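The values are calculated or read from the model by the stated rules, or taken from the named source; none is laboratory data. Please read all numbers here as calculations on a predicted model, not as lab measurements. Glycine gets a Cβ as well: all are built from the backbone with ideal geometry, and neighbour counts include every protein chain shown.
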Amino acid sequence: MVCRASSSAPCTVTTSGWICQPWKSVPSYSMRSLKRGISTESNQAYKTAPVAMRIYLSGFMASGKSTVGPLVAERRDLDFLDLDDAIEDEANRSVPEIFAIEGELGFRQRETKALWATAENDDVVVSLGGGTIVSKENRDWAMEHGLVVTLQVDADTILDRVADEADHRPLLQDENEQPLARQAMRRRIEQMLSERRAAYEQVHAVVDADREPDVVASVIDEIATVWKHRGEVHNVG
């Protein structure tokens, strides 16, 4: 089977191969039109193929970005960078400390600065913060400078992963900087997922990340190969 990605018929990869179908909000893997352009002409697609290979992994907190990212980097022989780590190194403070001292606005300003700095590396996988691409400015910049893939998981999976570490996650704390109770935390997660869903889906590809990290990394590796060449998408099942 051969298909081409387009805004009217994005491609979904399944165990049996690639399927072109109307866009769905929760696919196993969805490739929208690749912004700077999958062309229907292979020659044109190859002309626009980028030299750099920057892969930006987006998604809600605990979606697996920092676990999957190094696996993708190893597969493609790229560097790996956790954006939160870069922010902490530059500020000489932890993320919770930045939130406490500078507020969320101060953190977001540092986040944008750290994101732009990734342009200095042409071959890197970057694990973005959960809110990085909520900013249209950040989202547009990332999509102009690399491949942006969202790792998608549901609220229950996120809750199971973060419930015991909320003291390190300011957005899951109350006004007294204490972790929310479990049910309140779930409501907060659902609210934030709802608020961010559109931004998370307005990227090059969305991947179901409620699977083993190696499987998710393999799918992203395949997506990156397609994106790099911007040409025909062949059966990869």
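Could you tell me whether ALA73 is modelled with pLDDT of 50 or more, of a type outside the set (Lys, Arg), touching a Lys or Arg at 6+ places or on another chain (Cβ under 8 Å) and within 21 Å of SER218 (Cβ to Cβ)?
Values: modelled with pLDDT of 50 or more: yes; of a type outside the set (Lys, Arg): yes; touching a Lys or Arg at 6+ places or on another chain (Cβ under 8 Å): no; within 21 Å of SER218 (Cβ to Cβ): yes.
Spelling it out, it is not the case that ALA73 is modelled with pLDDT of 50 or more, of a type outside the set (Lys, Arg), touching a Lys or Arg at 6+ places or on another chain (Cβ under 8 Å) and within 21 Å of SER218 (Cβ to Cβ).
Right, SER127: crowded, with 21+ Cβ neighbours inside 10 Å, polar (S, T, N, Q) and more than 19 Å from LYS228 (Cβ to Cβ) or not?
Numbers: crowded, with 21+ Cβ neighbours inside 10 Å: yes; polar (S, T, N, Q): yes; more than 19 Å from LYS228 (Cβ to Cβ): yes.
Yes: the conditions hold for SER127.
Condition first: part of a helix (DSSP H, G or I), under 17 Å from the mean Cα position of the chain (by Cα) and surrounded by fewer than 18 Cβ atoms within 10 Å (Cβ to Cβ). Now tell me which residues in region 77-107 satisfy that.
Selection gives ASP85 alone.
Any idea which of (1) in contact (Cβ under 8 Å) with a residue 40 or more places away in the chain; (2) assigned to a helix (DSSP H, G or I); (3) of a type in the set (S, T, N, Q) is the one THR112 doesn't satisfy?
So THR112 meets the others, but not (1).
Given the conditions (1) modelled with pLDDT of 95 or more; (2) among the aliphatic types (A, V, I, L, M); (3) surrounded by 15 or more Cβ atoms within 10 Å (Cβ to Cβ), report the number of the one that ALA117 does not fulfil.
(3)
Across region 176-227, which residue is farthest from ALA142 (Cα to Cα) among those that are polar (S, T, N, Q), in a helix (DSSP H, G or I) and without any contact (Cβ under 8 Å) to a residue 24 or more places away in the chain? Don't jump to the end; show me each part of the working.
Taking region 176-227 as the starting set, the residues that turn out to be polar (S, T, N, Q) are 176, 178, 183, 191, 194, 202, 218, 225.
Next, only the ones that are in a helix (DSSP H, G or I) stay: 183, 191, 194, 218, 225.
Then drop every residue that is not without any contact (Cβ under 8 Å) to a residue 24 or more places away in the chain, which leaves 183, 191, 194, 225.
Details: GLN183: 34, GLN191: 25, SER194: 22, THR225: 18 Å.
Looking at the filtered set, the residue picked out is GLN183.
Determine whether region 211-233 contains at least one residue that is more than 28 Å from PRO96 (Cβ to Cβ), modelled with pLDDT under 90, of a type in the set (Asp, Glu) and surrounded by fewer than 16 Cβ atoms within 10 Å (Cβ to Cβ). It would help to see each step written out before you state the result.
Of the residues in region 211-233, the ones more than 28 Å from PRO96 (Cβ to Cβ) are 211-212, 214-215, 217-233.
Restricting the remaining residues to those that are modelled with pLDDT under 90 gives 226-233.
Add one more test, that the residue is of a type in the set (Asp, Glu), and what stays is 232.
After this cut, where a residue has to be surrounded by fewer than 16 Cβ atoms within 10 Å (Cβ to Cβ) as well, the list is 232.
Yes: one or more hits.
Residue-by-condition table, conditions (1) at pLDDT 80 or above; (2) more than 28 Å from ARG93 (Cα to Cα); (3) of a type in the set (Asp, Glu):
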position	(1), (2), (3)
LEU159	yes, no, no
ASP164	no, no, yes
LEU180	no, no, no
GLU190	yes, yes, yes
LEU193	yes, no, no
